[in-house]
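The values are calculated or read from the model by the stated rules, or taken from the named source; none is laboratory data. The structure presented is a predicted model; accordingly, all values stated were derived computationally and were not measured. Cβ placement follows ideal geometry from the backbone for every residue including glycine, while neighbour counts extend to all protein chains displayed. With ligands, DNA and RNA removed, areas are computed over all heavy atoms of the protein, side chains included. Shrake-Rupley method; radii C 1.70, N 1.55, O 1.52, S 1.80 Å.
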Amino acid sequence: MKRIMMGVITLTLACAMAVGQASLLNEATNGLFKNVNDYVIKPNVMFNTVETKQVIIGGGFDNLGFESNATGSGLVGYFHPGKLPWSIAGSLNLNSGTHQVSQTVTTGDGQTISETTYENPAFSTYEAGFRFTFGLPETMNLSAGVVAYFDGTEIPQSKTTVTTGGQDTIIYRGGTKTFNMVLGVPIGMEFGSVYNIIEPFFLMEKTTDVVASPRQNAGEETTTTTNTFMLYDKLIAQDMLPAPFGSETSFWLGIGNAELTKITELEKPAYTTDNAGVGEIKLSTQFGMSNLQDFSTAGIEIKFKPMMYFDLVLGPHKSVTFGATVAAGAAAYAPLGNLPLAVFFGVTPALQFHTTTLVTETTNPGGRITTTTSASRSLRTNVLWSGKVGTSVLLPKDMVLDVTLNVTTAGANTSSLGLSAQMSIAL
């Protein structure tokens, strides 16, 4: 069992998560089970303790069997142990998408023809991630590093030629490009039985509108840039509570732009699925606590993690949302008899409450100002299934292959099926 647990290497479909987050096993069990890749990719209490070199390989596909433009991603990396251990990892995800190449419209009398051609980009969306981590075992079990993540989209420009009675009229239309960059400097260090992880992140969001000129298909560009910051801190205490009440107790705090939560360990905010009146989120704050309990029976490992967290969200136009969530994660990891196989999965039932207050001001004729305050409340329960069922395969020479089946639903009639795989090779 330990051999399997210590051999699995990371991959997730979202590259930000692949480089910045966790292994397939960790993701599929909602963070309750960990393996060697959770120890060698980013700063943590175990980074300086891994004794073998690790080669990191992973890949996956989304939308299999449901969409014609299935997307793929990949991750490669390397961990080097020693007195000054270090690791490096990179991920890449490219999607060409489905874009219209051309369009021809002919009127009923055949006298007018409109032909439109599009300047299609090589890839409509892209994601890339990079992480470097090093350790100082003799200095408070310190590990630190840098993480960089990039993603972007591009909407093509177009050229329309309208032919009427042999006379051509050319119309150019612009496109849109977006580029996002995240830079972070995560640091982890030990204080007795408490381990602290602090991760400051900087986010730059850049949107460029390509305005077509009357004469050419590449006119002036208008660029809007937004810079935001987020700080995430997590305290992890071992054996803070006596058995059997918990083996690991955690407290965390995150402050900043909600867009950065995807590369932290923040739980799902209470306002995510129902934020009417909030609009674009300007500032998100989350404080939470959890307590991990470990159970084993008949060769099956079962972990249970009750948690509670609070969200405070400040949106535009003086909107404020407060949310509270009580949840409990549960996950299982079970070997399949005498076979070199194991299965794993996780669920997280939750009870969420949130209230939103929105203040609007209207200037009336004569300079009079009317201020309106509205409020809404909701209480709901949900089950945050990881969306993955996985299996671990123990291969010869300390190689382990993990495969997960990824199910995604969006609405009653929209579903997608994906497949991810990851392999670790201990040298």
Taking 0.36 nm per residue of separation and subtracting the Cα-Cα distance, what length does fully extending LYS177 through LEU253 add?
24.0 nm
Hey, got a sec? Which trypsin sites (Lys or Arg not before Pro) in region 147-187 land in a DSSP loop and have at most 15 other Cβ atoms within 10 Å?
none
Through the Karplus equation 6.51 cos²θ - 1.76 cosθ + 1.60, θ set to phi - 60°, convert the phi angles of region 346-356 into ³J(HN,Hα) values in whole Hz; use x for Gly and Pro.
x, 9, 9, x, 9, 10, 10, 10, 8, 10, 10
Order the following by accessible area, largest value first: VAL182, VAL105, VAL45. Probe radius 1.4 Å; ligands, DNA and RNA are ignored.
VAL105, VAL45, VAL182
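Tell me the GluC sites (Glu not before Pro) within region 132-195 that lie in a loop according to DSSP and have at most 14 other beta-carbon atoms within 10 Å. Mind showing how you got there, number by number?
On the way: sites: GLU138, GLU154, GLU190; in loops: GLU138.
Those satisfying the criteria are GLU138.
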For THR285 and THR106, what is the calculated FRET efficiency with R₀ set at 35 Å and r taken between the beta-carbons, to the nearest 0.05?
0.05
By accessible area with a 1.4 Å probe, ligands and nucleic acids excluded, highest first: order of TYR232, TYR39, TYR126
TYR126, TYR39, TYR232
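Largest first, what is the accessible-area ranking of VAL383, VAL407 with a 1.4 Å probe? Don't jump to the answer; show the numbers that get you there.
On the way: VAL383 100, VAL407 60 Å².
Largest accessible area first, the residues go VAL383, VAL407.
Of LYS83/LYS388; LYS42/LYS177; LYS83/LYS305; LYS34/LYS206; LYS83/LYS303; LYS34/LYS83, which ones are farther than 28 Å apart at the Cα? Numbers along the way, then the final one.
Working: LYS83/LYS388 37 Å; LYS42/LYS177 31 Å; LYS83/LYS305 34 Å; LYS34/LYS206 36 Å; LYS83/LYS303 33 Å; LYS34/LYS83 24 Å.
Beyond 28 Å between Cα atoms: LYS83/LYS388; LYS42/LYS177; LYS83/LYS305; LYS34/LYS206; LYS83/LYS303.
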Computed label-point distance, nm, for sites ASP294 and THR360 using a 7 Å Cα→Cβ extension:
5.4 nm
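So, R0 is 56 Å and r is the distance between the beta-carbons of ALA334 and GLN167; what FRET efficiency does that work out to, to 0.05? Walk me through the intermediate numbers first.
Working: r = 74 Å, r/R0 = 1.32.
After rounding, the FRET efficiency stands at 0.15.
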Name the residue farthest towards the positive end of the dipole of region 294-400 from the options PHE322, PRO340, LEU358, assuming +1 on Cβ of Lys and Arg, -1 on Cβ of Asp and Glu, about the Cα centre.
LEU358
Can you tell me the FRET efficiency between VAL326 and THR373 if r is taken as the Cβ-Cβ distance and R0 is 30 Å, rounded to the nearest 0.05?
0.60
Taking a label point 7 Å from the Cα of ARG380 along the Cα→Cβ vector, which residues of region 324-368 have an amide N closer than 12 Å to it?
351-354
A chain fully extended from MET240 to LEU427 at 0.36 nm per residue, minus the present Cα-Cα distance, gains in nm 63.7 nm
Accessible-area value, LYS318, 1.4 Å probe, nucleic acids and ligands omitted, Å²
130 Å²
Over region 308-407, what is the relative contact order in percent, taking alpha-carbon pairs closer than 8 angstrom and at least six residues apart?
24 percent
